[in-house]
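Undergrad: Would you mind keeping the following structure in view while I ask a few things?
Readers should treat all values here as calculations from the given coordinates under stated rules, not as data from a laboratory. A quick note: this is a predicted structure, and the numbers were derived from the prediction, not measured. Cβ placement follows ideal geometry from the backbone for every residue including glycine, while neighbour counts extend to all protein chains displayed.
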Amino acid sequence: MNLPHYLSLYAALWKNSVVREMSFKGNFILWILVEILWFGLQLCFVSVIFAQTETVGTWTKWQMVLLVGASNFIQQLYQAFFLTNCTNLSELVRTGKMDFLLALPVNTRFLVSLRVVDLGAFFNALFAICVMTFSAMKLHLHPTLGQFAGFAALCVAGILIHYSLMFLLASFCFWTVRAQGIVWGYYQLFNIARLPDEAFRGAFKAVFTFALPVLLVSNVPVRVLADKLYSPGMLLLLLVLGAFWAGISEWFWRQSLRRYTSASS
């Protein structure tokens with residue numbers, strides 16, 4: 001893999017995304033406002049819960065605000081880099097534009113996954129950081145450099161899990177032509193990530209911890225940041241599942257490409 005070549009190519013994709021977004025400034029600003037409003041509603045939901053109770057499991061109000069902020073931060077970074085591209089895979093297959101991408105002298109998954117960058121999501125991620133900072137001040141947290149590094153690494157692992165699972169689901173379009181319903185269905189599960197893992201029990205918790213590890217994606221990084229990680233088991237599980245789903249996603253992508261017969265067939 002020629003890293004300088006791919007970096008220059010990705011820079012060109014970024015430039016194209018900037019030009020596209022600035023061509024529709026009103027839409028760009030509106031989506032930022034909509035996402036901030038939705039984030040505000042999630043914070044209101046926390047206030048409603050803690051108007052009835054003092055804790056959810058061992059999570060206090062400001063710890064849960066920190067969790068909601070981290071969940072939104074991870075979701076917005078995922079949205080910035082991957083969401084639009086995963087949802088557009090079905091259209092590439094349906095319209096035959098995949099033919100053009102396959103003919104290019106570059107890794108096809110790289111292009112499919114990173115063609116479009118959602119710049120507005122970076123502004124929303126910054127807002128999430130502000131909420132996390134405020135909640136950390138309320139909790140009197142003083143994270144060490146190691147905790148910050150661990151939080152950042154686990155956020156990357158969480159984004160990798162989201163991307164791997166959604167790209168795998170999007171690849172079903174090689175069989176069904178359209179797979180947006182499956183992809184957006186998984187995206188809605190992101191909302192579970194903003195809730196404390198201790199709020200769930202039984203089969204539901206097992207499924208969303210091991211099979212679809214949505215609960216781990218934001219809970220584990222926040223536990224590291226807030227000194228709530230009582231054993232390294234959850235941390236190791238998140239990293240292992242990240243590697244596992246990345247491998248499964250790549251295998252399924254290769255199988256899916258073999259299924260593709262091009263638009264002219």
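Undergrad: Tell me, what HN-Hα J-couplings in whole Hz come from the Karplus equation 6.51 cos²θ - 1.76 cosθ + 1.60 at θ = phi - 60° for each residue of segment 41-51, using x for Gly and Pro?
TA: Karplus-based 3J(HN,Hα) across segment 41-51 equals 5, 5, 5, 5, 4, 4, 4, 5, 4, 7, 7 Hz.
Undergrad: Still on this structure, I have one more. So for Trp59, Trp184, Trp245, fewest C-beta neighbours within 10 Å to most, what's the order?
TA: Trp184, Trp245, Trp59
Undergrad: Let me ask you something else. Per-residue HN-Hα couplings for segment 16-27, Karplus 6.51 cos²θ - 1.76 cosθ + 1.60 at θ = phi - 60°, whole Hz, x for Gly and Pro?
TA: My calculation for segment 16-27 gives 5, 5, 4, 4, 5, 5, 6, 6, 10, 4, x, 5 Hz in order.
Undergrad: Over segment 92-184, with a single point scatterer placed on each C-alpha, what log10 of the ratio I(q)/I(0) does the Debye formula yield at q = 0.14, 0.19, 0.20 1/Å?
TA: Result of the Debye calculation: -0.75, -1.05, -1.11.
Undergrad: If I take the Cα coordinates of segment 1-108 and project them onto the principal axes, what are the three extents in Å, biggest first?
TA: 59, 34, 30
Undergrad: Post the alpha-carbon centroid distance, segment 72-130 to segment 135-203, in whole angstrom.
TA: With segment 72-130 and segment 135-203 each reduced to a Cα centre, they are spaced 16 Å.
Undergrad: Check cross-link reach from Lys205 to the aspartates and glutamates: straight Cα distance under 17 Å, and skip same-chain residues fewer than eight apart.
TA: Asp197
Undergrad: Cα-Cα over 29 Å: which of Lys15/Lys138; Lys25/Lys97; Lys15/Lys228?
TA: Listed pairs above 29 Å: Lys15/Lys138; Lys15/Lys228.
Undergrad: Whole-Hz Karplus ³J(HN,Hα) for segment 246-256, in order, using 6.51 cos²θ - 1.76 cosθ + 1.60 and θ = phi - 60°, x for Gly and Pro?
TA: 5, x, 5, 4, 5, 4, 5, 4, 5, 5, 5
Undergrad: Right, something else. Using Cβ counts within 10 Å as a stand-in for footprinting exposure, how do His5, His140 rank, fewest first?
TA: His140, His5
Undergrad: Now, a different point. 222 nm [θ] for the chain, helices only, -39500 (n - 2.57) per DSSP H run of 4+, per residue, to 500?
TA: So the helix-based figure for the chain works out to -23500 deg cm²/dmol.
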